[in-house]
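Asks: Right, I'll just put the structure down here and ask away after.
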Amino acid sequence: MSKTHIADHETLERVAIALESMGAASVPIFNDETGRYTNSSIAAWLAKMRDGKNYGVSIPKGSSTACTKTGANAGITNPKPGVIGRAAIDPYVNHGAFFFVEVNGGVDADGMPYVTAIDGDGRFSRLDDTWVLTPVLYTLETETDDAVNLTVSDTRQPSMKRQPAALLPNGAQRPYMLYAKYALSVDADGKPRSVSGAAVKTRSVSHDGGISLMKTASTGDSLKVAADDWYVKTMFLLKYATKNSQSVFAGCTGYDITATPTRAESNTTRVVIAKDKADQILIGSAMMFGTHTGTNTDRGYGYNCDIFDGARVTKKAAVDASNVAVYFDVAKPFSTATTYQLATAPWNTGSCDMVEGDGSPTSCTDGKQPFVVQGIELSLGMLEVLGNVLIQYTGTGAVVYVNPDTKNEKAGSSPDSALSAGAFPGQAAEGWNYALYCKTVNGLMIQQGTGASTSVGICDGNYKVADTTVGWREWLSLGSLGGGGIAGLWYVFGNYGSGYAWWYIGSRRSANGRARGEAA
C-alpha cells in the first residue's frame, strides 16, 4: 500500500471521529463548477467541531525552560512523538483548537484561501499544493512580572482577539487558516509550490527575491510570514510545555558531512566513499555532488553541486571492509572521480510523510532529521526566511518590523505600513544572544531578554550585529544543517542583508501574507 493511501485512511478515520454525531449538512460541500469546496461549508464544518475550551500555557520569564499548562490544557500529558513504524501518541488529536486536516488549495489575489481537495476525499494528492487547514483561533496573552500567559481557543471568549493574520485586508475574517505543509520548491517552470517529494528551493531565496518569486504585488502568495511562524510556536508551547524546542525536536541541525569518492566510476548512480563517512549518512536524506574544480568546499559554489543537488539517498551497500557505495535517486547516470566532493544537503520535502503524527523519520533528537508538528514539516537543514519581517539597525540599536499585507512588501526596507515588534534583543556588540522568554507583538512571537544559553531560557540563539550598524537585515529562522544547539524554533540569524541568498536559505509558501494587521 502506498504512503498516500495510508495517509488517506488515517485521515478518513480521524475526520470520521471528529464528525461523529454530526449531520450531512456539516460536511464540506464541493462545487463542481468552481472546482472548490465552498468556504462557507468548510467554516460551518469547523464550527460544528468546536469544543469552546481555553487551552493555556504559562511561559516563565526566568531561566527555567519548563512551562506550565493552564486552563483546559492542565492535566493533558505531553504527546510522545513518533517515528516511521511507531505512531505518535498525541492526546490533542481532535481537540477543538488543535484540529487540522491536509488539503489541496491556495489563496486568491485578495488573500481569501480556497480548498480544492481534502485528504481522504479521493481528490487529494500531496503532489499538488498541500496545506494544513485549521480553524481560526482566538487568543489572550497577558503578562506578569514572572510570566507570559498564553491562552488559545477555537471559540472567542471575553477579552480574546483573533490570531495573527485572521483578518483579511478588507476587515473580513478568514473562514479558516492555511499553512504550507512543505518547504518551498518550484516546478519546471519556476512556479512556487508546496508539494511532497521535491528538492527544496534555495540559492536564490531571500526576503527581496521572494517579492518577485511570489509576485506579492499581484497575488495572495508570499514567502512564509510571521503568522505561519506563530502557529507552529504556539502549538509547540501548548503541547510540549517547554521553551527548549530542541529537547523535543532537534531538527536537521547536526548533519554537516562532506566526503571524497574513494574510487572513480562511470555511468553510475552511486558514489563510493569511506565507510566511516557512509555510516554517518541516512537513507532518505539528500546530498549534493560536484566536480569540485575549485578550491573552496562551500556548498554554495556551483562546482560543488554541478552533478546533482538535493538527490535522495536510496540505499547503501558495502563494497569492501573500508568502502561503502551510496546510491541516489537521479534522473540520469553520472561519473565520479576521487577529486569530486559529496556533501549533505537539505532534505527533500515529504521526508516525514510516513510519520504518523508529530515526529521524525527515525529519531527526533539525533540532529540529523526534519520533524513534523501539527502536520507541518520543518527544519529540513536550511534557514527559512520570513517574507514580511525585517530587522532595522538604526545606528543605536535594532528594531523588528512586521508588514501585515505582503502586497506592499518592498525590497531593501519595510514599507510604511509595517508595524514595530520592538527591539531585537541582544548586547550592544555583534554576537549571539540567548533570550529568556517570548511573547507576541504585532503578530510576531519574538524573543525577549538576554543572558540565557543553549540550556536555559529560550535555548535558541539569535544573532545580532552591532548597535552602531545602519541598514536592514532579513529574518532567517530555524537553523541550517550545521546549526547545532543554537538552532530551534526561536532561532534567528539577523546578520544578512535583505537580498542575501545562499544554499542554506529557503522558505515556504504562505496563504496568510495578505492581512489587516494583528487582529482585534
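The values are calculated or read from the model by the stated rules, or taken from the named source; none is laboratory data. This one's a predicted model, so the numbers in the text were calculated from it and none came from an experiment. When we count neighbours, we look across all protein chains shown, and the Cβ atoms used for this are built from the backbone with ideal geometry, even at glycine. Quick note on the areas: whole protein, heavy atoms, side chains included, nothing else; ligands and nucleic acids left out. Shrake-Rupley method; radii C 1.70, N 1.55, O 1.52, S 1.80 Å.
Asks: Could you pull out the residue among PRO404, PRO346, PRO370 that is surrounded by 19 or more Cβ atoms within 10 Å (Cβ to Cβ) and either free of Cβ contacts under 8 Å to residues at least 24 places away in the same chain or closer than 20 Å to PRO79 by Cα (or both)?
Replies: PRO370
Asks: May I ask you to list the residues in segment 187-201 that are more than 18 Å from SER351 (Cβ to Cβ) and surrounded by fewer than 20 Cβ atoms within 10 Å (Cβ to Cβ)?
Replies: ASP187, ALA188, ASP189, GLY190, LYS191
Conditions tested, residue by residue: (1) in contact with a Ser or Thr (Cβ under 7 Å, 6 or more places away or on another chain); (2) at pLDDT 95 or above; (3) open to solvent by 30 Å² or more (accessible area, probe 1.4 Å).
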position: ASP51; (1), (2), (3): no, yes, yes
position: THR65; (1), (2), (3): yes, yes, yes
position: PRO79; (1), (2), (3): no, yes, no
position: ILE84; (1), (2), (3): yes, yes, yes
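Asks: Go through segment 202-221 and count every residue that is open to solvent by 10 Å² or more (accessible area, probe 1.4 Å), touching a residue at least 12 places away in the same chain (Cβ under 8 Å), farther than 14 Å from ASP129 by Cβ and assigned to a loop (DSSP other than H, G, I, E, B).
Replies: Going through segment 202-221 one residue at a time, the tally reaches 5.
Asks: Then there is this: Here are some conditions: (1) closer than 19 Å to GLY471 by Cβ; (2) assigned to a loop (DSSP other than H, G, I, E, B); (3) open to solvent by less than 50 Å² (accessible area, probe 1.4 Å). ALA421 meets all but one. Which one does it not meet?
Replies: Checking ALA421 against (1) closer than 19 Å to GLY471 by Cβ; (2) assigned to a loop (DSSP other than H, G, I, E, B); (3) open to solvent by less than 50 Å² (accessible area, probe 1.4 Å), the one that fails is (2).
Asks: Moving on. For residues that are out of contact with any Asp or Glu (no Cβ under 7 Å at 6 or more places or on another chain), at pLDDT 95 or above and not hydrophobic (A, V, I, L, M, F, W, C), scanning just segment 427-447, find the one that is nearest to THR65 (Cα to Cα).
Replies: Among those residues, the one meeting the criterion is TYR437.
Asks: Starting from residues that are in contact (Cβ under 8 Å) with a residue 12 or more places away in the chain and open to solvent by 70 Å² or more (accessible area, probe 1.4 Å), keep the ones in segment 293-308 and report whichever is farthest from THR260 (Cα to Cα).
Replies: Among those residues, the one meeting the criterion is ASP306.
Asks: Among the hydrophobic types (A, V, I, L, M, F, W, C) and over 23 Å from TRP230 (Cα atoms): does that describe ALA345?
Replies: The answer is yes for ALA345.
Asks: If I go through segment 378-401 residue by residue, how many of them are surrounded by fewer than 24 Cβ atoms within 10 Å (Cβ to Cβ), small (Gly, Ala, Ser) and in a loop (DSSP other than H, G, I, E, B)?
Replies: 2
Asks: Ok, one more. Restricting to segment 1-41, count the residues that are open to solvent by less than 60 Å² (accessible area, probe 1.4 Å), at pLDDT 50 or above and farther than 23 Å from GLY357 by Cα.
Replies: 9
Asks: Let me ask something else about it. So which residues in segment 440-470 are under 20 Å from ASP146 (Cβ atoms) and either in contact with a Pro (Cβ under 8 Å, 6 or more places away or on another chain) or crowded, with 18+ Cβ neighbours inside 10 Å (or both)?
Replies: THR440, VAL441, MET445, ILE446, GLN447, GLN448, GLY449, THR450, ALA452, GLY457, ILE458, CYS459 - these are the residues of segment 440-470 that are under 20 Å from ASP146 (Cβ atoms) and either in contact with a Pro (Cβ under 8 Å, 6 or more places away or on another chain) or crowded, with 18+ Cβ neighbours inside 10 Å (or both).
Asks: Same structure, new question: Are there any pairs with C-beta distances below 6 angstrom linking a residue in segment 141-162 that is open to solvent by 10 Å² or more (accessible area, probe 1.4 Å) to a residue that is part of a loop (DSSP other than H, G, I, E, B) and at pLDDT below 95, with the two at least 6 apart or on different chains, and if so which?
Replies: These pairs meet every condition: LYS161/ALA519; LYS161/ALA520; ARG162/ALA519.
Asks: Right, next: Given segment 461-520, what strands (runs of 3 or more DSSP E) lie entirely inside it while holding 2 or more residues that are closer than 21 Å to SER204 by Cβ, in contact (Cβ under 8 Å) with a residue 60 or more places away in the chain and not aromatic (Phe, Trp, Tyr)?
Replies: 470-478
Asks: Now for a separate question. Is it the case, given these coordinates, that SER247 is surrounded by fewer than 19 Cβ atoms within 10 Å (Cβ to Cβ) and in contact with a Cys (Cβ under 9 Å, 6 or more places away or on another chain)?
Replies: For SER247, the condition - surrounded by fewer than 19 Cβ atoms within 10 Å (Cβ to Cβ) and in contact with a Cys (Cβ under 9 Å, 6 or more places away or on another chain) - is met.
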